[in-house]
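*Asks:* Before anything else, here's the structure in question.
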Amino acid sequence: SATTDMAGQEPQIASAARTDGPPAILLDKVNKWYGSMHVLRDISLNVAQSERVVVCGPSGSGKSTMIRCINRLEQHQEGRIVVDGMELSDDLRSLDAIRREVGMVFQSFNLFPHLTVLDNCTLAPIWVRRMPKKEAEALAMDYLERVKIPEQARKYPGQLSGGQQQRVAIARALCMKPKIMLFDEPTSALDPEMIKEVLDTMVMLADTGMTMICVTHEMGFARQVADRVVFMDRGEIVEAGVPDQIFNDPKTERLKTFLSQIL
Ligand code: ADP
Ligand code: MG
């Protein structure tokens, strides 16, 4: 399987994380509630530029909520979130700026079914970045080549496999030239034979020095790419460390239990 293939390899990509400059993402004691349910509890996390962070944890632990707060698809109620130097606030201009700089890829690919692959990729650059159509198409073709599906450009999402659709979703996000990419379980809706092609695309992206936060349970990927693995449970960051420490030397019973369930 994809997981064992990647787990069998030694990490190939040296850390590119630049810890000297300002953090790409800063979360400081972030709290969030849905009604009376406390879903993020004092979450503090610094992500350096070019750092790759993998987030794992049981279902319902707040992983999606945390990354959705980072591009303000959700709002936190307490604490601070600073993305590329911009404090997330109710200021609409800052919201716009955040959305341009932070690309997101979801479990369900969220492509527009009535638009071709190419049009899916050029929509935001044309309408949000005001890029001329020809330029946007050239850019989209460049990214479709990088994710290895340029021949699918004129097709509709429904004509593609799940793995191909997810690679389109990645190319589409990259067309906005984001500084940061967030992935929320990008392979968990895919058939096993398609997982590797999407993970390979993410490895390629990591290799370019992109700052990434990936929610995934693909531990082979985490071992190969992550500078840091963050384990969440019940709205808290319970442990964080380099992959070797998290996987081979878990400190808490909660992480030990989680690892015994997924490995
Ligand atoms: P994970 O991604 O780790 O599975 P989530 O961030 O999706 O966890 O969810 C954390 C908790 O918040 C869960 O208990 C979930 O049921 C709840 N939750 C998530 N989204 C909403 C929402 N829009 N409204 C109310 N509760 C929500
Ligand atoms: Mg989730």
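The values are calculated or read from the model by the stated rules, or taken from the named source; none is laboratory data. These numbers come from a predicted model, not from an experiment. Using ideal geometry, Cβ is built from the backbone for each residue, glycine included, and neighbour counts are taken over all protein chains shown.
*Asks:* Checking the conditions here, which among Val53, Val47 is over 25 Å from Thr122 (Cα atoms) and within 16 Å of ligand 2 (Cβ to nearest atom)?
*Replies:* So the residue among Val53, Val47 that is over 25 Å from Thr122 (Cα atoms) and within 16 Å of ligand 2 (Cβ to nearest atom) is Val53.
*Asks:* Against the condition surrounded by 20 or more Cβ atoms within 10 Å (Cβ to Cβ) and of a type in the set (S, T, N, Q), how does Thr187 come out, does it pass?
*Replies:* Here the answer is yes, as Thr187 does meet what is asked.
*Asks:* Do you know which residues across region 169-217 are among the acidic types (Asp, Glu), more than 16 Å from ligand 2 (Cβ to nearest atom) and either assigned to a helix (DSSP H, G or I) or under 11 Å from the mean Cα position of the chain (by Cα) (or both)?
*Replies:* Within region 169-217, Glu193, Glu197, Asp200, Asp207 meet the criteria.
*Asks:* Kindly establish whether Leu92 is away from ligand 1 (no atom under 16 Å from the Cβ), more than 23 Å from Val198 (Cα to Cα) and under 19 Å from the mean Cα position of the chain (by Cα).
*Replies:* When the stated conditions are applied, Leu92 does not pass them.
*Asks:* From the set of residues in region 34-76 that are part of a loop (DSSP other than H, G, I, E, B), on the phi > 0 side of the Ramachandran plot and more than 11 Å from ligand 1 (Cβ to nearest atom), which is surrounded by the most Cβ atoms within 10 Å (Cβ to Cβ)?
*Replies:* Ser50
*Asks:* Next up: Here are some conditions: (1) modelled with pLDDT under 90; (2) part of a loop (DSSP other than H, G, I, E, B); (3) under 16 Å from the mean Cα position of the chain (by Cα); (4) away from ligand 2 (no atom under 16 Å from the Cβ). Arg100 meets all but one. Which one does it not meet?
*Replies:* Every listed condition holds for Arg100 apart from (2).
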